[in-house]
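What follows is a set of notes on a single structure, which appears directly below.
The values are calculated or read from the model by the stated rules, or taken from the named source; none is laboratory data. All of these numbers come straight from a predicted model, not from anything done at the bench. Reconstructed Cβ throughout: ideal geometry from the backbone, glycine too, with neighbour counts over all protein chains shown. Keep in mind that these areas ignore ligands, DNA and RNA; they rest on the heavy atoms of the full protein, side chains included. Shrake-Rupley method; radii C 1.70, N 1.55, O 1.52, S 1.80 Å.
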Amino acid sequence: MKKNSEQNASGRLNNLLAMDYNNLMAEAVGPAGLTPDDLKTIREVLASAARNVEGQYKKGLLPFMDLPFKTEDLRKFQSLADSLKKFENVVVLGIGGSALGTKAVFNALRPLNHNLLPQAKRQFPRLFVADNIDPEGFAVLLDGLDIRKTVFNVISKSGATAETMGQFLIVYDRLRHDLGKTALKNHLLVTTDPEGGVLRKIVDAQGLNSLEVPPGVGGRFSVLTSVGLAPLAAAGVNIAELLAGAGQAQNEQTKDVLANPAYAFAGLNWFLTARRKRGSLVMMPYADSLALVADWFGQLWNESLGKAVSLSGKPAAAGQTAIKALGATDQHSQLQLYMEGPKDKTVCFLRCENFRTQMVIPKVFEEYPELAYLGGHGLGELLNFEQRGTARALAENGRPNLTITLPQVNPSALGYLLHMLELATVVSGCLYKVDPLDQPGVELGKKYTYGLMGRNGFADFKKRYDRAKPDPRYILP
Ligand code: PA5
């Protein structure tokens, strides 16, 4: 990671993450790439975005930026985790921002087989995140758990999301039936807004255990609040180090705005989208432990930046489509398209320098040259060489790509990465001139669902739905 400390214009050692954008430059990829003049433009635009972000922060509009320093809450989450150790299972009921961060961090920082390990090895409860309402999936999950050894963490900032509320009602009813109204309280923990929403009303009326989602922190920016920290601490994640890494991303001070990874990520991708028609960004981790970071990032980037109108009310159709991939697996499925298909994508590789487990390929069948080159190399080495080879091949084909490297997947590096990408999202909001904190586009579909489900006050949507009768000519029987 020496290279990165050299890159950091402030001279401050940043050993948590390195970003290499050589393959975005015209020198490497030809006309699709960036020239020194383009970097000058990006720097200017970013300098103005930095002032804008600073202004918003000072007005208290970006409270997620304070989260890494809320260390006073750590003790609370840690003692909660201690009290949950007696359970075999912690099940999060939540969706979107109330689930994806927890899934990404859990997958990255606990052994990939955490839930399969015997208790003595695991030492912490198993953690499940139920973020869909497919009855088959949810039934299988519930039927496989001993409800007496399970605590359900219902997470909904709004306290109104149909999917989470549907799960909550099923679980509440089951707990009441199996354990009784008094005992069920030991098996429920509700995380929701401190004041608003029906879930908070139920918490107050029933005297349920609860945590608060800090006001002003939206779902997709909430992994470092009670939303993520409580279940993650319960599953044995070192949340203090996670926050410390995030704090370093927040405190990143560089003389050159392009030497700050959050700003560089935002500025480079914005330029490629706005000026080079690279409307999609493939996030491609080369580590199973980082696979779900791509899902979390997909929500963050797509929901925050995909907006119909700009801040001044002009039509915008803004955003860059984040697509998830996994190396090396998707080299054998998606890569052909990225290499030779439409020239509308940038690829962001996400890799780690050192894997936590080494596995050496044995020197057998050395008489076959087709296999002999593998013997003696590590599997991680092969994976990392595949990433490098793919990056180089894309560049040679005129396909811009950049590479983010963590020295190792550990809590502080992951905290840095997640917070850096959240910052980059807010900076990107300034560049696209849209509000990255709202999601008006998802409301209409919810209203139709309410109408179809017969919710009071939404009958008009049911009528509207029924009026748009499908034409049988376009339906295949
Ligand atoms: O980022 C967001 O705000 C959304 O994706 C929400 O997290 C998601 O809709 C779930 O909302 P809630 O936590 O209110 O149930």
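Observations on the structure shown:
- Full extension of the chain segment joining Met339 with Glu54 gains 98.7 nm, where the gain is 0.36 nm per residue of separation less the Cα-Cα distance.
- Modelled FRET efficiency - R0 25 Å, Glu136 with Leu476, Cβ distances, 0.05 increments: 0.50
- Taking the charge dipole of the chain about its Cα centre, with +1 at Lys and Arg Cβ atoms and -1 at Asp and Glu Cβ atoms, the residue from Pro477, Ala120, Val45 reaching farthest to the positive side is Pro477.
- Shape call, the stretch 203-299: gyration tensor on alpha carbons, a/c limit 1.5: prolate
- In this structure the amide hydrogen of Leu350, modeled in the peptide plane, comes within under 5 Å of the amide hydrogens of Met284, Tyr286, Ile404, none closer than 5 places in sequence on its chain.
- Formal net charge of residues neighbouring His187 (Cβ-Cβ distance under 13 Å; K, R +1; D, E -1): +3
- For Thr403, solvent-accessible area (1.4 Å; no DNA, RNA or ligand), Å²: 20 Å²
- Folded to 0 to 90 degrees: helix 443-453 orientation relative to the chain principal axis, Cα: 30 degrees
- Distance between the 7 Å Cα→Cβ label points at Lys185 and Asp20: 5.8 nm.
- Length released on extending from Lys277 to Leu444, taking residue separation times 0.36 nm less the Cα-Cα span: 57.2 nm
- In this structure, Arg356 and Asp173 have a Cβ-Cβ separation that, at R0 = 45 Å, corresponds to a calculated FRET efficiency of about 0.60.
- Rounded to the nearest whole Hz, the Karplus-based 3J(HN,Hα) values (6.51 cos²θ - 1.76 cosθ + 1.60, θ = phi - 60°) of the stretch 321-332 follow the sequence 6, 7, 10, 9, 9, 9, x, 7, 3, 7, 4, 9, with x at glycine and proline.
- Amide H to amide H distances under 5 Å link Thr321 with Ser280, Leu281, where only residues 5 or more positions off or on other chains count and H is placed in the peptide plane.
- For the stretch 260-325, the solvent-accessible area with a 1.4 angstrom probe is 33 square angstrom per residue.
- The stretch 70-237: C-alpha gyration tensor shape, a/c 1.5 cut-off, then a/b vs b/c: rounded
- Spacing of the modelled spin labels on Ala120 and Glu88, each 7 Å from Cα toward Cβ, amounts to 1.7 nm.
- Expressed as a whole percent, the accessible surface of the chain that belongs to carbon and sulfur atoms is 55, based on a 1.4 Å probe.
- For peptides 371-378, 225-232, sequence by mean Cβ density within 10 Å, most packed first: 225-232, 371-378
- Take the chain and mark each of the GluC sites (Glu not before Pro) that is in a DSSP loop with at most 15 other Cβ atoms within 10 Å; the longest unmarked stretch, sites excluded, is 196-365.
- Rel. contact order, % - alpha carbon contacts under 8 angstrom, at least six apart, the stretch 70-237: 34 percent
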